[in-house]
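One structure, pasted below without further comment.
The values are calculated or read from the model by the stated rules, or taken from the named source; none is laboratory data. Because the structure is predicted, anything quoted here is derived from the model rather than measured. All Cβ positions, glycine included, derive from the backbone under ideal geometry; neighbour counts span all protein chains shown. The area values use the complete protein model at the heavy-atom level, side chains included, leaving out ligands, DNA and RNA. Shrake-Rupley method; radii C 1.70, N 1.55, O 1.52, S 1.80 Å.
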Amino acid sequence: MGDETLGIILAGGRGERAKPLTLASSDYIRSKALIPFVGRSVVEWLVESCRDQGIRRFYVIAQGAENHSQIKLVLGHGERFGVEIHYSRARLDRYNVGSGAATLHNLEQWDLTGRALVLPVDSVFEFDLNRLKDAHDAADAVVTVASVGRTPEEIAGKYGVMQTSPDGLVSGFVEKPTLDRVHRIFPETSLPSSVRTLPTNAGMYLVDCGRLRLAARNPEMIRLAQQRLDWGGDLLPWLVGRGLPVAAAPIDRLGDLGSIADYLATLGDVLGGRYRWMTRAMGEPTNTDPPYWIHESSLRTKDSVTGTTLAQKISEGSVVIGPAVRIGRNAEIGPGVKLRFSDIGDGVDVDEGARLSRTAIGDSAVVGPYARITDSYVGPMARVHSERDNPVRLVHSAIGEAADLRPGTRLSGVSVYPRLRVPAVTGLPTGTHLTSSDDILHWI
C-alpha cells in the first residue's frame with residue numbers, strides 16, 4: 001500500500017506496577033490499555049494521535065480472554081475512530097512471551113511487509129511521525145527506536161541508555177546504569193558545566209516489517225523467540241550485535257503511566273499543556289488564566305449544600321479551580337472546594353471544603369467534606385467518607401475501584417485494593433499494600 005505506515009499496539013502486559021489502578025477487583029485485572037486518563041482510555045489516546053498523523057490500519061496484540069474482550073469492547077473494529085483495527089488470535093497467545101516475541105510472531109501471522117509503528121499501552125507520546133520516518137529512511141534501518149533525552153540523574157537505576165554513533169545508528173545498550181557508571185561510560189556528562197542528556201528508549205519503534213521478519217528467521221532468533229523475548233532487553237541488542245542497522249531518533253516527550261507516581265506526573269504534564277496534541281484534543285479550555293477545562297454539564301450542576309451551580313460558585317470565589325484542572329461530565333462540586341493540577345472524572349462528587357492537588361479522581365467516586373488529597377489516585381466508584389471534624393488525608397496513595405475509606409483515615413504512600421472497606425487507620429508504613437481484609441486486620 002505504497003508509503004502507508006501501520007500501527008501495532010502491544011497490549012498484552014498485566015500492569016503489575018500500576019496496581020491498584022489496573023484492578024477492577026482484587027483478582028480481576030483491567031487491561032493496561034484501558035487505564036482511564038484525562039477522560040479517555042490510554043488506547044483511545046494512542047489510536048487518535050496516530051490516526052491524526054495518517055495511520056489508518058492498526059493491529060492489536062492482546063493476551064488472555066479479559067485483555068482481548070476488554071480492548072475490543074472499547075475499540076471495536078475502529079469504526080468510531082475512522083480506522084481499521086485487527087486483533088491477534090487468542091489461540092496464538094502462547095507465543096506472546098515478551099513484547100519482542102509477540103511482535104515477531106504476529107508479523108508473520110498477519111503477513112506484514114511494509115512499515116509499522118510499534119507502540120506500548122502504558123505511555124503517552126508527543127511525536128512527529130514524519131520525523132521518525134525521515135530518520136528511519138536516512139539510516140536505511142530495520143528498526144528505528146524513538147528516543148527521549150534524559151539527564152544522568154534521571155537515568156540512574158531507572159532507564160536504559162543507548163550508545164549512538166554520529167550517523168544516528170545504535171552501537172550498544174546500557175541497561176539501567178548507576179550514576180557512577182553513566183559518568184564512566186559517557187565521561188562528558190561528568191564535567192561540572194555539562195547539561196547534556198543521553199538518549200533513552202521510549203518503547204516506540206518504527207520497523208521495516210519485511211526485513212525484521214527475515215532477521216527473525218535466523219535459527220538463534222527462532223530459539224530465543226520461543227522463550228521470553230522483550231524488545232529493549234533482548235531483541236534490539238540481538239539486532240545490533242548481528243550488525244543490522246538500528247537507528248535512534250528523538251521524539252518530543254514521553255509520559256510513563258506504568259506506576260501510580262509516573263501516572264500522576266504525566267497527568268500533571270498533560271494538564272499543564274506540555275503535550276501539544278493532547279491539549280488540542282481536549283478542546284478549548286473553559287478558562288485560560290489559570291487554564292482549566294470543565295464540561296458544561298458540571299458548570300450547571302447544583303450542589304446539595306447551597307443549591308448553587310458550579311459556575312456561580314466559581315464566579316463568586318467560593319470554589320477555586322486551577323491551574324491545570326479538568327472536570328468531566330455531571331460532577332457536583334461543593335462550596336469551599338479548591339482544586340489544582342487534578343483530573344475529576346464523570347459523575348464525581350467533591351463535597352464541601354475538600355482540597356485536591358495533583359490528584360486523579362475516577363468516574364462516580366465520592367470525596368467527602370474537608371478531605372485533603374495530594375499526589376494520589378482515587379479509583380472509580382470509591383467513597384472517601386471524610387467529615388469536617390474528622391477529615392481523611394491522603395498523600396502519595398492509591399485507592400482502588402469501589403474501595404471505601406472511613407472518616408479519619410490518614411494514608412501516606414499506601415495502596416488500597418478495590419472494594420475493600422478500610423476503617424479509620426493511621427500510621428501505616430509507606431509502601432504498604434492493603435490487598436485483602438486480612439491485611440487490614442493486621443494493622444488495626
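Give the carbon-plus-sulfur fraction of the accessible surface of region 1-147 in %, rounded to a whole number; probe 1.4 Å, heavy atoms of protein chains only.
Working: 2670 of 5700 Å².
Reported share for carbon and sulfur atoms: 47 percent.
Further, regarding this structure: What does the charge dipole of region 1-126 about its Cα centre add up to, to the nearest 20 debye, if the Cβ of each Lys and Arg holds +1 and the Cβ of each Asp and Glu holds -1? The partial results should precede the final answer.
On the way: 15 positive and 15 negative charges, 65 e Å.
Approximately 320 debye in magnitude.
In Å, what Kirkwood hydrodynamic radius results for region 150-231 from the alpha-carbon pair distances? Before the final figure, lay out the partial values.
On the way: mean 1/r = 0.0675 Å⁻¹.
The answer is 14.8 Å.
What is the total of Lys pairs in the chain with C-alpha atoms under 23 Å apart, excluding same-chain pairs fewer than 8 positions apart?
Eligible lysine pairs with Cα atoms under 23 Å apart amount to 10.
Quick one: Kirkwood hydrodynamic radius for region 213-254, alpha-carbon pairs, angstrom, one decimal? Before the final figure, lay out each step's value.
Numbers: mean 1/r = 0.0865 Å⁻¹.
After inverting the pairwise mean of 1/r, the radius is 11.6 Å.
How large are Rg and Dmax for region 1-133 when only the alpha carbon atoms are used, in Å?
Using the Cα atoms of region 1-133, the pair Rg, Dmax is 14.3, 47 Å.
For an R0 of 41 angstrom, estimate the FRET efficiency from the Cβ-Cβ distance between residue 438 and residue 74 and round to the nearest 0.05.
Values: r = 34 Å, r/R0 = 0.83.
Rounded to the nearest 0.05, the efficiency is 0.75.
If you don't mind, there's one more thing I want to ask. Which three semi-axes in whole Å describe the equivalent ellipsoid of the chain, each the square root of 5 times a Cα gyration tensor eigenvalue, listed largest first? Numbers along the way, then the final one.
Numbers: eigenvalues 329, 108, 103 Å².
Its equivalent ellipsoid spans semi-axes of 41, 23, 23 Å.
Order 19, 302, 72, most accessible first, counting only protein heavy atoms with a 1.4 angstrom probe. Walk me through the numbers before you get to the answer.
Values: 19 45, 302 120, 72 95 Å².
Most to least solvent-accessible, the answer reads 302, 72, 19.
If you roll a 1.4 angstrom probe over the protein chains with everything in place, what fraction of the accessible area of region 376-419 belongs to carbon and sulfur, to the nearest %?
Numbers: 670 of 1640 Å².
In region 376-419, the share of accessible area belonging to carbon and sulfur is 40 percent.
Quick check for me: using +1 on Lys/Arg Cβ and -1 on Asp/Glu Cβ, what's the dipole size of region 306-380 about its Cα centre, in debye to the nearest 20? Walk me through the numbers before you get to the answer.
Numbers: 8 positive and 9 negative charges, 59 e Å.
Value, rounded to 20: 280 debye.
Now for a different question. Can you tell me the Rg and the Dmax, both Å, for the Cα atoms in region 307-444?
14.3, 48
Provide the per residue accessible area, probe 1.4 Å, for region 182-222, rounded to a whole number of square angstrom.
Values: 2020 Å² over 41 residues.
Value for region 182-222: 49 Å² per residue.
Another question, if that's okay. Quick one: accessible surface of residue 346, probe radius 1.4 Å, all protein chains present, in square angstrom to the nearest 10.
Its accessible surface works out to 60 Å², give or take rounding.
Restricting things to Cα coordinates, could you compute the convex hull volume per residue of region 124-266 in Å³?
128 Å³
Right, something else. Give me the 1.4 Å probe accessible area per residue for region 137-178, excluding ligands and nucleic acids, in Å².
With the other protein chains kept in place, region 137-178 gives 45 Å² per residue.
When the solvent-accessible surface of protein heavy atoms is calculated with a 1.4 angstrom probe, in what order do 37, 341 fall, highest first?
From most accessible down to least: 341, 37.
If you don't mind, there's one more thing I want to ask. Which value does Rg/Rh take for region 341-386 over its C-alpha atoms, Rh per Kirkwood?
Values: Rg = 9.0 Å, Rh = 10.0 Å.
With Rh from the inverse mean 1/r over Cα pairs, Rg/Rh is 0.90.
Shifting gears a bit: With a sphere of radius 12 Å drawn around the Cβ of residue 120, what net charge do the other residues whose Cβ falls strictly inside it have (Lys, Arg +1; Asp, Glu -1)?
Values: positive: 32; negative: 122, 230, 256.
Charge balance near residue 120 sits at -2.
Moving on. What does the helix-only formula give at 222 nm for the chain: each DSSP H stretch with n ≥ 4 adding -39500 (n - 2.57), the total divided by the residues, and the result rounded to the nearest 500 deg cm²/dmol? The partial results should precede the final answer.
On the way: 14 runs with 113 residues, N = 444.
Per the formula, -7000 deg cm²/dmol.
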